[in-house]
Amino acid sequence: MKPISEALSELMDARQMTPTDVWAAAGITHATLSRYLHGFRGIVLDHRGAETVCKLARVFGVTPDYFVEYRAWRVREIARTNPELVEPLYDVLIGAARLRGIVDEGLKEIE
C-alpha cells in the first residue's frame, strides 16, 4: 500500500481529474486537498481526517480502507474503544513484525 499522497495522485491520474475536480466533488477546500497531496496531512488521521478520507474515497469510487492511513486509524479506534481487543491485536501485530524483523530494537529493551 502507498501513502495517501501517492494513492491520491495515482487515482487522479487514472481518472484524469484535476485538483479542482477533486476538491469540488469532495466538498473540501483546495488547501485541504493540497495538504493531502503533498503529505502534510493524512499521515496520522484523527476523526476529522477520517471523514475527509471518506469524502475523497467517494469521489474516486473506492472504499476508505483503500488508503493505508484510514486502515491504521480504524485499528487505533477499535483498540481505543474496545480495550479487550488490544492484547490479541498486539500479539498478532508484534508477532508479524518479529517474523519480518521489523520490531524496533530500541523498544525491545523496554519490553
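The values are calculated or read from the model by the stated rules, or taken from the named source; none is laboratory data. Keep in mind the model is a prediction, meaning the values are calculated, not measured. Reconstructed Cβ throughout: ideal geometry from the backbone, glycine too, with neighbour counts over all protein chains shown.
The table below gives the values:
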item	result
Conditions (1) in contact with a Leu (Cβ under 9 Å, 6 or more places away or on another chain); (2) under 30 Å from Glu87 (Cα atoms); (3) surrounded by fewer than 16 Cβ atoms within 10 Å (Cβ to Cβ): number failed by Pro19	(2)
Residue, surrounded by the most Cβ atoms within 10 Å (Cβ to Cβ), within the range 37-67, restricted to residues that are of a type in the set (A, V, I, L, M, F, W, C) and at pLDDT below 95	Leu45
The range 2-24: number of residues that are in contact (Cβ under 8 Å) with a residue 24 or more places away in the chain, among the hydroxyl-bearing types (Ser, Thr, Tyr) and part of a loop (DSSP other than H, G, I, E, B)	0
Conditions (1) over 11 Å from the mean Cα position of the chain (by Cα); (2) surrounded by 13 or more Cβ atoms within 10 Å (Cβ to Cβ); number of the one not met by Arg80	(2)
Segments classed as helices (runs of 4 or more DSSP H), wholly inside the range 25-93, with at least 1 members that are assigned by TED's automatic domain parsing to the domain that holds Leu11 and either touching a strand residue (DSSP E or B) at 6+ places or on another chain (Cβ under 8 Å) or at positive phi (or both)	none
